[in-house]
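Novice: The structure is given below, and queries will be raised subsequently.
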Amino acid sequence: MDLERVVVVGASLAGLTAAASLREQGWDGHLVVVDAAMELPADRPPLSKQVLAGTMDSAAARQPLADRIDELDIDLRLGHRVEGFGADDHRIKFFNDHELTADGVIVATGANARWPAPRDELPAGVHVVRTLEDSLALKAELDTAAGPLVVLGAGFIGAEVAATARTAGHDVTMIEAAPQPLARVLPSEVGAAVAKLHRDHGVDVRVGVGFASIDAGPGGRVESVTLSDGSVVPASVVVAGLGADPSIEWLSGSGLSLGNGVVCDETLLAAPGVTAAGDVANWFNPTFGERMRVEQWDHAIESGRAAAVRLLAEAGGDAPQPFASVPWFWSDQYDRKLQMAGRPSGNDEAVVIDGELGAERFAVAFRRGDRCTGVLACNRPRLAVVSRTRMTQSLAWDHVVGA
Amino acid sequence: MKIVIDYDLCESNAVCMGIAPEVFDVRDDDLLYLLDENPGDDLRPKVEEAARRCPKQAILIQD
Ligand SMILES: Cc1cc2nc3c(=O)[nH]c(=O)nc-3n(C[C@H](O)[C@H](O)[C@H](O)COP(=O)(O)OP(=O)(O)OC[C@H]3O[C@@H](n4cnc5c(N)ncnc54)[C@H](O)[C@@H]3O)c2cc1C
Ligand code: SF4
């Protein structure tokens, strides 16, 4: 296969990393990167932290590769939303019937924040946090809000927004339908420690209760949230931290296999000449022996590079390498820096390996049979990183945690 | 190769240490120590990798 033109769809962390990696591997063909956004998307982690808190200028929240677009000889096309794709002919269709064909395609369209209801049915004052505009709009409303903030969902982004707003002095209620925060990814004792952290800082954390409706006041602005148990929580501003859905609408009818993202093999290949990376990629991770889709910053970099290398391997006839990964991410809440290596589930056994659960510094390892599926460290960065390195060698419990 | 850390940006999350422990060390006091400010060229790929994956973009490589 001749690789004269590669089109990367998505100019955020995964897409730009993939583009840079193609060049670093020595490929010098026509490199097009398209994104629906009118400007290069911001680096997202600060959006629920420093940018929302006002301690980081929005210009500082930029993509790590933003300065290297020219040097990398990237034909960057912003304001280009892709609306259709054919996996057979690699035809990329834009909104105005304009088309582009490519020899290789890297899908890096990330994910979209989930809204609690169709947007036009929601009162003013309801937000999500995914883009720089989202973060600035929320900040502007919080700066002038007279009343409390209600956060729907106690996942990582919801919990960060709650922490940032609480630190700024707002009254905050956080509502989580599951019995504990972060229940999908962490065993309940750990979620309970996160709930306690927020309560200790004065957040009203309500778990095991969903929301029934988001209610508008006379002026059409949000006034309260009604919970599934009938109680009513006053709200001047509402933030939905309900998770994100992979951005795959543009791929319907493309011939690619879809389902919780773009379904790839263990090498990130989705179809001949098509690879995927970042939040949108669903692949079989050989390290864990399971399919996963990972919405984490470092994963966007790791998988971005792997998707580029995979495409070149196909073109060059080299043997494809599986993308074996131990995911790693961080989350900042108050003075706690949480870091997690691995991919535990809510059903794994939690074993405290350092300090005391919920203390200022501690670490917990997650056990499934004789394997360690993850290590969560609170203000123990060294331990998190050492654990990650060990996990890349072997997940055997004794190897990661010591007998 | 000379390495400079922007300590105003660095938040000691130890990502760099995971990639190049010969050069970067985050100790139990939660501070990052540069073990080698002028590592040899054999370490360049690892140091470049660490610079790229630093979530705060706090590692500068001066050639
Ligand atoms: C508020 C927030 C805080 C976060 N904090 C952390 C953290 O502390 N730690 C951590 O590890 N991770 C964090 N993350 C996750 C991390 O930022 C993401 O995993 C990362 O941004 C994923 O990068 P990506 O390139 O895969 O996708 P995205 O960043 O979602 O980018 C996808 C791009 O594709 C474009 N696109 C989508 N559809 C189309 C289309 N049809 N045509 C053209 N372009 C399209 C979009 O415009 C977008 O620019 C956070 C995320 C958010 C939102
Ligand atoms: S990766 Fe960056 S932020 Fe983290 S310890 Fe190293 S230099 Fe500091």
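Novice: In the list A:R368, A:R388, which residue meets the criterion of being at pLDDT 95 or above and within 16 Å of ligand 2 (Cβ to nearest atom)?
Specialist: A:R388
Novice: Return yes or no: is A:E223 out of contact with any Pro (no Cβ under 6 Å at 6 or more places or on another chain) and in contact (Cβ under 8 Å) with a residue 60 or more places away in the chain?
Specialist: Yes; evaluated as a whole, the condition is true for this residue.
Novice: Among the listed residues A:A315, A:A308, A:A341, identify the single one that is farther than 21 Å from A:N260 by Cα, small (G, A, S) and surrounded by fewer than 19 Cβ atoms within 10 Å (Cβ to Cβ).
Specialist: None of the others qualify; the one that does is A:A315.
Novice: Here's something else I'd like to know. Tally the residues that are under 30 Å from A:M38 (Cα atoms) and over 19 Å from the mean Cα position of the chain (by Cα), restricting the search to the range A:150-183.
Specialist: 1
Novice: Restricting the range A:351-389 to residues that are out of contact with any strand residue (DSSP E or B) (no Cβ under 7 Å at 6 or more places or on another chain) and more than 14 Å from chain B (Cβ to nearest Cβ), which is nearest to A:L197 (Cα to Cα)?
Specialist: A:G358
Novice: For A:V326, state whether it is among the β-branched types (V, I, T), crowded, with 16+ Cβ neighbours inside 10 Å, touching a Phe, Trp or Tyr at 6+ places or on another chain (Cβ under 9 Å) and more than 11 Å from chain B (Cβ to nearest Cβ). Outline the logic, then answer.
Specialist: Details: among the β-branched types (V, I, T): yes; crowded, with 16+ Cβ neighbours inside 10 Å: yes; touching a Phe, Trp or Tyr at 6+ places or on another chain (Cβ under 9 Å): yes; more than 11 Å from chain B (Cβ to nearest Cβ): no.
No, not satisfied.
Novice: May I pose another question? Tally the residues that are assigned to a loop (DSSP other than H, G, I, E, B) and under 27 Å from the mean Cα position of the chain (by Cα), restricting the search to the range A:139-149.
Specialist: Of the residues in that region, 1 qualify.
Novice: If A:P381 satisfies all but one of (1) free of Cβ contacts under 8 Å to residues at least 24 places away in the same chain; (2) buried (at least 21 other Cβ atoms within 10 Å of the Cβ), what's the number of the condition it fails?
Specialist: A:P381 satisfies all of (1) free of Cβ contacts under 8 Å to residues at least 24 places away in the same chain; (2) buried (at least 21 other Cβ atoms within 10 Å of the Cβ) except (1).
Novice: Which number in (1) closer than 24 Å to A:A363 by Cβ; (2) more than 12 Å from chain B (Cβ to nearest Cβ); (3) of a type in the set (S, T, Y); (4) outside any loop (DSSP other than H, G, I, E, B) marks the one condition that A:S345 misses?
Specialist: (4) is the only condition that A:S345 fails.
Novice: May I ask you to verify whether A:R130 is in contact with a Ser or Thr (Cβ under 8 Å, 6 or more places away or on another chain), modelled with pLDDT of 95 or more and among the basic types (K, R)? I'd like the intermediate steps shown before the answer.
Specialist: Values: in contact with a Ser or Thr (Cβ under 8 Å, 6 or more places away or on another chain): no; modelled with pLDDT of 95 or more: yes; among the basic types (K, R): yes.
In short, no.
Novice: Look at A:L256 and say whether it is crowded, with 18+ Cβ neighbours inside 10 Å, without any contact (Cβ under 8 Å) to a residue 60 or more places away in the chain and assigned by TED's automatic domain parsing to the domain that holds A:A11.
Specialist: For A:L256, the condition - crowded, with 18+ Cβ neighbours inside 10 Å, without any contact (Cβ under 8 Å) to a residue 60 or more places away in the chain and assigned by TED's automatic domain parsing to the domain that holds A:A11 - is not met.
Novice: Also, quick follow-up: Scan the range A:157-181 for residues that are surrounded by fewer than 24 Cβ atoms within 10 Å (Cβ to Cβ) and of a type in the set (A, V, I, L, M, F, W, C) and report the count.
Specialist: Here the count works out to 3.
The values are calculated or read from the model by the stated rules, or taken from the named source; none is laboratory data. Keep in mind the model is a prediction, meaning the values are calculated, not measured. Glycine gets a Cβ as well: all are built from the backbone with ideal geometry, and neighbour counts include every protein chain shown.
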